[in-house]
Every structure is written in C-alpha cells, then in structure tokens.
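The values are calculated or read from the model by the stated rules, or taken from the named source; none is laboratory data. The structure displayed is predicted, hence computed values, not measured ones. Cβ coordinates were reconstructed from backbone atoms using ideal geometry, including for glycine residues, and neighbour counts include every protein chain displayed.
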Amino acid sequence: MDVLTVVGLILGLAAILGGNALEGGHLDSLLQITAFIIVIGGTIGAILIQTPLKVFLRALKMALWVVLPPKINHQEAIEKIVNWSNIARKEGLLGLESLAESEPDPFAKKGLQLLVDGSEPDTIRSILEVELETKEHEDTQAAKVFEGMGGYAPTIGIIGAVMGLIHVMNNLADPSKLGPGIAVAFVATIYGVASANILFLPMANKLKAHVHHQTKFREMIIEGIIAIAEGENPRNIETKLQGYVG
C-alpha cells in the first residue's frame, strides 16, 4: 500500500476542515449534496465526452494504483534474467522454452518466446519496443483522464457557484436569506478546486510516475533479453542491468 497517498489525502482534508473550524465555521456548512452533484457529476460528464470508452475503463482500473501500486522488483527481475542467461549458455536458447511457457509477465514471456524462436537481436528489440511504446501510450492516456478531471472540476465548481448566486438574487427581497445563500453558493467552488488539487491532479501525476517506472522496468527486460540473444556473459549482463536500479 502507498502510505503517502493515504497520509496526503487525510492531511489535505484535515487542513481544510481544520482551517474551517478555526475560522468558526461548521462542518454542516461544507456538506452540500447539491454542490457535490453539480461538481462531480458535471466533471464526470465532461470527461466522458472527452475520453474514448476504452481509455476511461483503463483509467478506472489504474485508479487503484494510487493506493496499491503495481509491484516491481528490479533485483528479482535481474536475478531471473541472469538465470535465463546461464541456462541459454549451457543448454542453448531452446532450453528457455519451458520457462517461456510458465513466465507470468506477458512482456517478458513474449521476449523469451522470441529468443526461443531464434529471432535476431534487432528483430527482438524492434518488436518489444513497439509493444513497450504502445503500452506506455495507453497507460499515459488513462492517467490523463484524471488530469482532465482536475482541469474541469474548478470550472464546474464556478458554474455551481453562479447557479447558487442566481437563486440568491431571486431572494433579494428577504435579506435574512442572502448570507446563508451566498455561503452555500460558494461551496460548489470549494468542491471544484479542492477535488482538483487534492484528488484528481495528484492522482494523475502519481499514475504517470508509475507508468514511467514500469516503462523503465520493461526497458531493463529488453536490454537483458537482447544481451542473452547476443550471447553476452551473465556477469556482464548483471552489471549492465544493475544500472537500472535506482
């Protein structure tokens, strides 16, 4: 679990609610279901218009990465690649066939299969880099869904505030309703700005960071598989791949 995400969200909300309390505000004044529906519903509606269905569904799946990021163990992967290299040197590339069939990582499995099939190093690199770029593009586009929501939410919040002020103007004849009415109107703005800057934009940036991390990890796998295809010494392969460990 990504503890920083949980701590950051709690701290952000606590700062806002705590500041409101210190100013003498009440929690009830910030709980407005109408404002919530306008901001969140409007933001989701806008992003649905902007985003293809496939990308939106991918974004929903990736949202869990913010709290439960994909597990990437560089050291374990390096040990695995060095083991592949040792097997290839002793038994030949066909000795990797059984490992290719049981490899759980689809990307590494594809690379191993290309090795077993006797593909040239340049061909292996070309095929794997195309898949790498495609995967990175798809995941980056999914992360940008939350970036888009972070852009729309404040504007939708302003729309909600203006709508609230319209209702206030309709009650000018009753001064007792003006103060509370204006306060309620601006809750939508708070929802829009707060959701964008505490939730949507940070989510987008964290997801992009995970995508970048995965891309570098797959680049390491490519380099390892190419090194095996070129018959490099296992020790040299390990030394080269250690450069990817940050």
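From Ala35, Ala63, Ala46, grab the single residue that is buried (at least 17 other Cβ atoms within 10 Å of the Cβ), within 20 Å of the chain's Cα centre (by Cα) and part of a helix (DSSP H, G or I).
Exactly one of Ala35, Ala63, Ala46 is buried (at least 17 other Cβ atoms within 10 Å of the Cβ), within 20 Å of the chain's Cα centre (by Cα) and part of a helix (DSSP H, G or I), namely Ala46.
Run down Glu101, Glu97 and say which single residue is acidic (Asp, Glu), over 23 Å from the mean Cα position of the chain (by Cα) and surrounded by 14 or more Cβ atoms within 10 Å (Cβ to Cβ).
Glu97
Looking at (1) assigned by TED's automatic domain parsing to the domain that holds His213; (2) assigned to a helix (DSSP H, G or I); (3) surrounded by 13 or more Cβ atoms within 10 Å (Cβ to Cβ), which one does Ile72 not meet, given that it meets all the others?
Only one criterion in (1) assigned by TED's automatic domain parsing to the domain that holds His213; (2) assigned to a helix (DSSP H, G or I); (3) surrounded by 13 or more Cβ atoms within 10 Å (Cβ to Cβ) is unmet by Ile72, namely (2).
Return yes when Glu136 is surrounded by 14 or more Cβ atoms within 10 Å (Cβ to Cβ), within 30 Å of Pro52 (Cα to Cα) and in contact with a Ser or Thr (Cβ under 6 Å, 6 or more places away or on another chain) and no when it is not.
Taking the combined requirement at face value, the residue satisfies it.
Scan Phe146, Phe186 and give me the residue that is of a type outside the set (S, T, N, Q), under 28 Å from the mean Cα position of the chain (by Cα) and farther than 30 Å from Ala88 by Cβ.
Phe146
Looking at this structure, is Glu232 outside any helix (DSSP H, G or I) and surrounded by 15 or more Cβ atoms within 10 Å (Cβ to Cβ)?
yes
What pairs come out if I take residues in segment 213-224 that are touching a residue at least 40 places away in the same chain (Cβ under 8 Å) and pair them with residues that are among the polar types (S, T, N, Q) and in a helix (DSSP H, G or I) whose C-beta lies under 9 Å away, six or more apart or interchain?
Gly224/Ser85
Check segment 71-94 and report whether any residue there is in contact (Cβ under 8 Å) with a residue 24 or more places away in the chain and either of a type in the set (Ser, Thr, Tyr) or in contact with a strand residue (DSSP E or B) (Cβ under 9 Å, 6 or more places away or on another chain) (or both).
yes
Yes or no, residue by residue, for (1) modelled with pLDDT of 95 or more; (2) not acidic (Asp, Glu):
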position: Glu91; (1), (2): no, no
position: Glu97; (1), (2): no, no
position: Pro104; (1), (2): no, yes
position: Gly150; (1), (2): yes, yes
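Which condition from (1) at pLDDT 95 or above; (2) buried (at least 20 other Cβ atoms within 10 Å of the Cβ) is the one that Lys208 breaks?
Going through the list (1) at pLDDT 95 or above; (2) buried (at least 20 other Cβ atoms within 10 Å of the Cβ), Lys208 breaks only (2).
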